[in-house]
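Enquirer: Below is one structure. I have some questions about it.
Please treat every number below as a calculation from the coordinates, not as lab data. In this text, all values refer to a predicted model and were calculated from it rather than measured experimentally. Positions of Cβ are backbone-derived with ideal geometry, glycine not excepted, and every protein chain shown enters the neighbour counts.
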Amino acid sequence: MLRQKLSLVYETKLDTSSNLKISVDGTFKHIITDNNYTSADTLNNALVNNSTRQLNNIVDQRAFNGSAFYTKKFSKPGRTLSFLVSESYSQSEANGFLKSHINFYNAQQKVDSTQDINESKTNNLQSNLFNTNITYSEPFTKTLALVLNYGVGVNHASADRNTFNPSSTGDYNQRVDSLSSNYTFNQFLNHAGAILNYKKGKLTFNFGTRVTDDQFHQVDDFTGNLSDRNFIDWAPQARLQYRFSPQKSFVIAYNGTTTQPTLEQLQPVATNTDPLNVILGNPGLTPSFTNTFNINYRSYKVLTSQFFGFYGTYSFVTNPIVSHISYNQAGQSVSQYFNLANKATTNFNAGVNFNRKLESLGGINAGVGFNATGNTYYNYSNDSLNMSKNYVFSPMLNISMFKEKKVELGFSGGPTYTISQSSLQPNINNNGWGAKGDLDGTIYLPGNFQVGTYSTYQYNAATASFHSNFSQVLLNVFLIKTFLKNNNLSVELWANDLLNQNSGFTRNAQANLITQTTYNTLKRYFMLTVNYDFTKLAVGAPK
């Protein structure tokens with residue numbers, strides 16, 4: 001991958017009460033990928049298909065972002081005005097090929113039929129988003145203030161996707177209409193919001209909402225068909241904080257978010273980059289709504305450098321967008337997105353941490369913690385509703401040491417236990433133990449040298465679904481030499497995966513499938529970089 005990026009930030013003080021910040025950045029990426037897959041599917045321990053698949057792409061991506069942010073403070077304390085205008089443009093052009101060979105087997109375990117695919121695929125995706133927002137805050141009293149905001153957004157996007165079969169001459173010029181589409185997409189957003197803030201003593205409380213009139217206009221450039229969608233998006237919020245002292249506080253908060261279906265989820269055109277698992281969009285999708293609750297408590301004692309805290313997040317999604325997967329006896333699946341009424345998907349994340357400095361051990365910080373994450377999702381499998389549950393429990397040990405410009409070391413790790421199961425296949429699960437660890441550190445040497453590491457360890461034990469263990473150590477080290485008066489020129493030598501163990505590995509429970517995937521990835525490599533950091537702030541003369 002070749003990546004080039006240029007960014008510029010300009011800040012100036014227009015007068016004693018107003019500031020202006022202008023940000024501009026542009027990025028270009030040239031990406032070449034070549035992926036090769038082999039797979040086999042069984043049903044009741046009998047082979048139903050096996051396949052080989054090659055998917056390669058050459059992708060050029062361009063992105064531009066620009067914004068101007070103006071702020072002004074009035075003579076009345078707490079009264080402010082800000083105005084933001086921004087534009088984001090992105091384009092992705094991809095050209096590639098899909099070549100696939102699939103064998104299908106009968107009950108006698110003989111090849112019954114085959115399927116060969118030889119296709120050229122082109123994708124041209126563009127998006128141009130323009131946003132404005134004005135915010136005004138007005139204090140009513142020393143304890144009560146109101147924040148108002150209003151904005152307009154315009155998004156013009158297009159998605160031109162084409163699939164071609166080769167002609168008799170070998171040229172890829174026979175378009176496959178069932179796998180091709182060309183859509184133009186226009187979105188107009190008109191949003192307004194209000195938040196009421198109350199602050200007195202140790203208590204801070206605010207609540208409000210943001211309302212957006214969301215208008216979609218979509219054109220199928222192949223057929224000329226039009227599709228218009230209008231929705232009102234709500235984003236309520238509330239937050240309460242009680243600060244017992246500068247080092248001890250408690251926070252509870254709520255946020256609501258409306259999520260529109262993506263362009264890919266709406267388009268009723270098949271995606272066959274994996275011929276055994278074809279995906280269809282659904283133009284009849286409606287928005288989902290996410291309710292999120294947060295709680296956080298933290299306490300820090302300065303004299304003993306002792307920290308204690310706990311946190312928790314719980315969210316549930318009403319009218320969620322889920323997949324309806326249809327399987328056949330040959331092991332092929334076709335999935336399409338639908339809204340699920342009368343059910344809610346859920347997510348949670350919670351944990352507790354304690355650590356303190358141990359002076360008797362030279363000022364080392366040591367601590368323990370516990371984290372739990374989980375989710376509940378739904379999908380349909382051959383018209384049967386499936387509920388999948390996934391939980392991960394992770395106790396951990398944390399050790400760190402920090403001495404400015406001398407040493408920075410940190411270790412965290414511990415065992416994990418995973419629970420993954422689905423209601424349609426209660427006898428099959430991915431429950432099992434694992435372990436993970438991270439080691440990061442930098443040692444400062446004479447002569448403006450630095451040496452350090454950022455390394456990880458992963459272990460996954462065998463489970464009822466997968467009968468082999470997986471473990472790897474990714475050992476990465478670096479050597480840095482800095483130059484110039486402010487050390488803003490550096491030469492860095494990085495050695496990644498010195499043990500040459502890096503292997504792509506995932507275990508996932510999604511829908512009613514529990515899958516383990518291993519794939520080739522970049523192993524041991526070395527990298528030399530030169531960095532020069534320059535910063536110049538512009539300040540306008542007082543007027």
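Enquirer: HN-Hα J couplings of the stretch 330-340 from phi, Karplus 6.51/-1.76/1.60, θ = phi - 60°, integer Hz, Gly and Pro as x?
Expert: After applying 6.51 cos²θ - 1.76 cosθ + 1.60, I find 8, x, 8, 9, 10, 10, 9, 8, 9, 7, 10 Hz.
Enquirer: Let me check against my output: what whole-number percent is the relative contact order of the chain, with C-alpha pairs under 8 Å and at least 6 apart?
Expert: Numbers: 1496 pairs, mean separation 38.2, N = 543.
Normalised by residue count, the contact order of the chain is 7 percent.
Enquirer: Here is a further query. Under a plain spin-label model, where a point goes 7 Å from the Cα along Cα-to-Cβ, how far apart in nm are LEU148 and LEU6?
Expert: Spacing of the two 7 Å Cα→Cβ label points: 4.2 nm.
Enquirer: Calculate one ³J(HN,Hα) per residue across the stretch 454-468 by plugging θ = phi - 60° into the Karplus curve 6.51 cos²θ - 1.76 cosθ + 1.60, and present them in order as whole Hz with x for glycine and proline.
Expert: 9, 10, 9, 10, 9, 9, 10, 6, 4, 10, 5, 8, 10, 9, 10
Enquirer: Full extension from THR209 to GLN241: what is 0.36 nm times the residue separation minus their Cα-Cα distance, to one decimal in nm?
Expert: Working: separation 32, 0.36 × 32 = 11.52 nm, distance 1.83 nm.
This chain segment gains 9.7 nm when fully extended.
Enquirer: Another one. Can you pull the one-decimal nm distance between simple spin-label points at GLN108 and LEU226, each 7 Å off the Cα toward Cβ?
Expert: Placing both labels 7 Å beyond Cα along the Cβ direction yields 6.0 nm.
Enquirer: Each label point is 7 Å from the Cα along the Cα-to-Cβ direction; what then is the distance between the points at LEU43 and LYS301, in nm?
Expert: Those two pseudo-labels are separated by 6.5 nm.
Enquirer: Out of residues 5 or more away from LEU499 or on other chains, whose amide H comes under 5 Å of its own, with H placed 1.01 Å from N in the peptide plane?
Expert: Amide H neighbours of LEU499, under 5 Å, 5+ apart: LEU475.
Enquirer: Using +1 at the Cβ of each Lys and Arg and -1 at the Cβ of each Asp and Glu in the chain, identify which of LEU226, TYR89, LEU55 lies farthest towards the dipole's positive end.
Expert: Farthest towards the positive pole: TYR89.
Enquirer: Regarding the stretch 413-510, what is the average projected area of its C-alpha convex hull, in nm²?
Expert: On the way: hull surface 34.7 nm².
Average of the hull's projected areas for the stretch 413-510 equals 8.7 nm².
Enquirer: Additional query: Provide the gained length on full extension for the span SER168 to ALA462, in nm with one decimal, where the gain is 0.36 nm per separating residue minus the Cα-Cα distance.
Expert: Values: separation 294, 0.36 × 294 = 105.84 nm, distance 5.04 nm.
Between SER168 and ALA462, full extension yields an extra 100.8 nm.
Enquirer: Need the list of lysines near LYS121 for cross-linking: C-alpha distance under 20 angstrom, and skip anything on the same chain fewer than eight residues off.
Expert: Cα-Cα hits under 20 Å: LYS29, LYS99.
Enquirer: What is the calculated FRET efficiency for ASN487 to LEU361, with r their C-beta to C-beta distance and R₀ = 25 Å, to the nearest 0.05? Present the calculation step by step, with values, prior to reporting the outcome.
Expert: Numbers: r = 31 Å, r/R0 = 1.24.
For ASN487 and LEU361, the calculated efficiency is 0.20.
Enquirer: Related question: Under unit Cβ charges (Lys, Arg +1; Asp, Glu -1), what dipole magnitude, rounded to 20 debye, does the chain have relative to its Cα centre? List each step's numbers first, then the result.
Expert: Working: 42 positive and 32 negative charges, 604 e Å.
The calculation lands at about 2900 debye.
Enquirer: So, R0 is 45 Å and r is the distance between the beta-carbons of VAL451 and ASP34; what FRET efficiency does that work out to, to 0.05?
Expert: On the way: r = 36 Å, r/R0 = 0.79.
Once rounded, the FRET efficiency stands at 0.80.
Enquirer: Among the lysines, which have Cα under 28 Å from the Cα of LYS403 when same-chain residues fewer than 8 positions away are ignored?
Expert: Cα-Cα hits under 28 Å: LYS248, LYS301, LYS357, LYS436, LYS481, LYS485.
Enquirer: On a straight-distance basis, which lysines could pair with LYS76 in a cross-link, Cα separation under 22 angstrom, same-chain partners fewer than 8 positions away excluded?
Expert: Straight-distance partners of LYS76: LYS13, LYS142, LYS199, LYS200, LYS543.
Enquirer: OK, next. Binning every alpha carbon pair distance of the stretch 15-141 at 10 Å from zero, what are the percents per bin?
Expert: With a bin width of 10 Å, the distribution comes to 10, 21, 16, 15, 13, 11, 9, 4, 1.
Enquirer: Could you work out the pair-distance distribution P(r) of the stretch 241-292 from its alpha-carbon pairs, with 10 angstrom bin width and percents rounded to whole numbers?
Expert: Each 10 Å bin holds this share of Cα pairs: 20, 25, 20, 14, 12, 9, 0.
Enquirer: So what is the relative contact order of the stretch 207-312, in percent, for Cα pairs below 8 Å that sit 6 or more residues apart? If you can, show how the numbers build up before the last one.
Expert: Numbers: 190 pairs, mean separation 22.2, N = 106.
21 percent.
Enquirer: Separate question: Going 7 Å from the Cα of VAL219 along its beta-carbon direction, which residues of the stretch 158-194 have the amide nitrogen within less than 17 Å of the resulting point?
Expert: Under cut-off, by backbone N: 158-161, 181-188.
Enquirer: Taking θ as phi - 60°, what are the ³J(HN,Hα) couplings along the stretch 194-211 by the Karplus curve (6.51, -1.76, 1.60), each to the nearest whole Hz, with x for Gly and Pro?
Expert: 8, 9, 9, 10, 10, 9, 8, x, 8, 9, 10, 9, 9, 8, x, 7, 10, 10
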